[in-house]
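S.K.: Encoded as structure tokens, here's the structure I'll be asking about.
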Amino acid sequence: LGRAPAAPRPLRAPLRLSPGCRAAPGRFAYKLLHDLFANYSSALRPVEDTDRALNVTLKVTLAQIIDMDERNQVLTSYLWVRQTWLDAHLTWDKDEYGGIDSIRIPSSSVWRPDIILYNNADEHFGGSMETNVVLRSDGHITWDSPAITKSSCKVDVSYFPFDGQQCRLTFGSWTYNGNQIDLRNQLDSGDLTDFVENVEWEVLGMPATRNVITYGCCSEPYPDVTYTLLLRRRASFYIFNLLLPCIMVSFLAPLGFYLPADSGEKVSLGVTVLLALTVFQLLVAESMPPSESVPLIGKYYIATMTMITASTALTIFIMNVHHCGPGARPVPPWARRLILRHMARLCCVYEVGESCKSPQRAPGGRAAAGDARAAGESPGEGQGGTEVRGCPWDHCLCHHDALLRNVGYIAGCFRRHRANQRRTGEWKKVAKVMDRFFMWVFFLMVFLMSVLVLGNAA
């Protein structure tokens, strides 16, 4: 209550700008806008001489690749399109308007060239956004507008998933010919400085070319600027999800020959592998356009499915050979010599107690004859009814006719049974040798097809 009042603070002097730093009053901008558009029409081409062409410069910046639809052959991209031209009716002396050198006004207020994307594939045919234009005192107008475009692109999937595409973006005027608008590209290629990397496609370049074309409808030339987008697919996703599973499944097919014939799963394995490859083939066909060019991975699938079909058919044939019954014919001499001797050594197919390096016993040879004789002949047989040593003639019952016939019959049945077993064993060995031989042949085929696919991709 007894405190003395505080001393008043000194007032700050108002901030004053020098004449060189003073901003132009707003009334100059309104006056400039009123004077410029008092007698201006945005419907006419802004040139002083109507016989001269108006130069329009085009610059395209690729910001992002949104989608690449291979099946419908449509590329969706996000572009920044810059158009620059000179409007002879929109010039002023900046000293008369407080030093204003440029203004931003709606693009609908000025004349604009009708530059469109010729190969547009959008059903709504949407154009650029209605952004402002930058108007300078010398009459130069710069119009920057972002656009999401859908352009038609001829897709070549011959080397899918190791393919590259060339998609063209052609810009040109729809109504003005070359005598009225001279369209030129500002740079020799599209601007990629602000490009957002795509996870599936790698951009190798975007060269720009200017073309002058005379269409059949009109005699005047029509210039256009074509940007060729060079794309290369990143194949890692397809390698790990489509190619490697197919290769691993393909190596299962030759193993069907290694299965024992009595397991009953040889044909089932081949059919299962064939169905698995059919599923992969359908996955590839759903994303590819229905064209005459078959993708590289599709060719690999077809070749592998053909190989598995052939292996399944051979498996059925070999199983028929394996299950030859006792009534089958003996193995022909050429098959015994070629398959049981040479191919068995080549494929390391041997019986129990043998090895690949030791010579095999010849079927029906001396050892087999000795075994048959030892197992099939009874004591005293084949001696023409001579007397057995140590057995008196009067007291030996071995020489009775009925007993001799019975023993001969039993010995003959046993010999026939051994012969049938030997014949059946030979056919089983023929089937086993053929199984091993075709297993290595198909392993080699799968390996060569995989190498060819990777070689063509490289």
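S.K.: What single numbered condition from (1) touching a strand residue (DSSP E or B) at 6+ places or on another chain (Cβ under 7 Å); (2) surrounded by 19 or more Cβ atoms within 10 Å (Cβ to Cβ); (3) of a type in the set (Ser, Thr, Tyr) fails to hold for TYR118?
M.R.: In the conditions (1) touching a strand residue (DSSP E or B) at 6+ places or on another chain (Cβ under 7 Å); (2) surrounded by 19 or more Cβ atoms within 10 Å (Cβ to Cβ); (3) of a type in the set (Ser, Thr, Tyr), TYR118 misses (2) alone.
S.K.: Specify which of the listed residues (THR50, THR76, THR84, THR91) is under 19 Å from ARG210 (Cα atoms) and not aliphatic (A, V, I, L, M).
M.R.: Working: THR50 fails: under 19 Å from ARG210 (Cα atoms); THR76 fails: under 19 Å from ARG210 (Cα atoms); THR91 fails: under 19 Å from ARG210 (Cα atoms).
Just one listed residue meets the conditions, THR84.
S.K.: OK, next. Among LEU242, LEU269, LEU259, which is the only one that is free of Cβ contacts under 8 Å to residues at least 12 places away in the same chain, of a type in the set (A, V, I, L, M) and surrounded by 15 or more Cβ atoms within 10 Å (Cβ to Cβ)?
M.R.: Working: LEU242 fails: free of Cβ contacts under 8 Å to residues at least 12 places away in the same chain; LEU269 fails: free of Cβ contacts under 8 Å to residues at least 12 places away in the same chain.
That would be LEU259, the only listed residue that is free of Cβ contacts under 8 Å to residues at least 12 places away in the same chain, of a type in the set (A, V, I, L, M) and surrounded by 15 or more Cβ atoms within 10 Å (Cβ to Cβ).
S.K.: Return the residue satisfying two criteria in turn: it lies in segment 169-227 and is within 22 Å of ASP51 (Cα to Cα) and small (Gly, Ala, Ser), and of such residues it is surrounded by the most Cβ atoms within 10 Å (Cβ to Cβ).
M.R.: By that ranking, first place goes to GLY172.
S.K.: Can you tell me which of ASP182, ASP138 is at pLDDT below 95, part of a loop (DSSP other than H, G, I, E, B), in the same structural domain as PRO46 (by the TED database) and out of contact with any helix residue (DSSP H, G or I) (no Cβ under 6 Å at 6 or more places or on another chain)? Step through it out loud before you land on a result.
M.R.: On the way: ASP182 fails: part of a loop (DSSP other than H, G, I, E, B).
Every option except ASP138 fails the conditions.
S.K.: Still on this model: Looking at TRP92 and the list (1) assigned to a loop (DSSP other than H, G, I, E, B); (2) more than 28 Å from GLY178 (Cα to Cα); (3) of a type outside the set (Gly, Ala, Ser); (4) modelled with pLDDT under 90, which single condition is not satisfied?
M.R.: So the condition that TRP92 fails would be (4).
S.K.: Also, quick follow-up: With the condition kept exactly as written, say whether any residue in segment 355-365 is closer than 19 Å to TYR258 by Cβ, hydrophobic (A, V, I, L, M, F, W, C) and at pLDDT below 75.
M.R.: Checking segment 355-365: at least one residue is closer than 19 Å to TYR258 by Cβ, hydrophobic (A, V, I, L, M, F, W, C) and at pLDDT below 75.
S.K.: Could you list all residues from segment 286-328 that are closer than 20 Å to SER450 by Cα, open to solvent by 50 Å² or more (accessible area, probe 1.4 Å) and either of a type in the set (D, E, K, R) or at pLDDT below 85 (or both)?
M.R.: Within segment 286-328, VAL294, LYS299 qualify.
S.K.: Is it the case that PHE442 is at pLDDT 75 or above and open to solvent by less than 30 Å² (accessible area, probe 1.4 Å)? I'd like the intermediate steps shown before the answer.
M.R.: Details: at pLDDT 75 or above: yes; open to solvent by less than 30 Å² (accessible area, probe 1.4 Å): yes.
Spelling it out, PHE442 is indeed at pLDDT 75 or above and open to solvent by less than 30 Å² (accessible area, probe 1.4 Å).
The values are calculated or read from the model by the stated rules, or taken from the named source; none is laboratory data. Everything quoted here is computed from the prediction, not taken from an experiment. Every residue, glycine as well, gets a Cβ built from its backbone with ideal geometry; the counts of neighbours run over all protein chains shown. Ligands, DNA and RNA are excluded from the accessible area calculation, which covers all protein heavy atoms including side chains. Shrake-Rupley method; radii C 1.70, N 1.55, O 1.52, S 1.80 Å.
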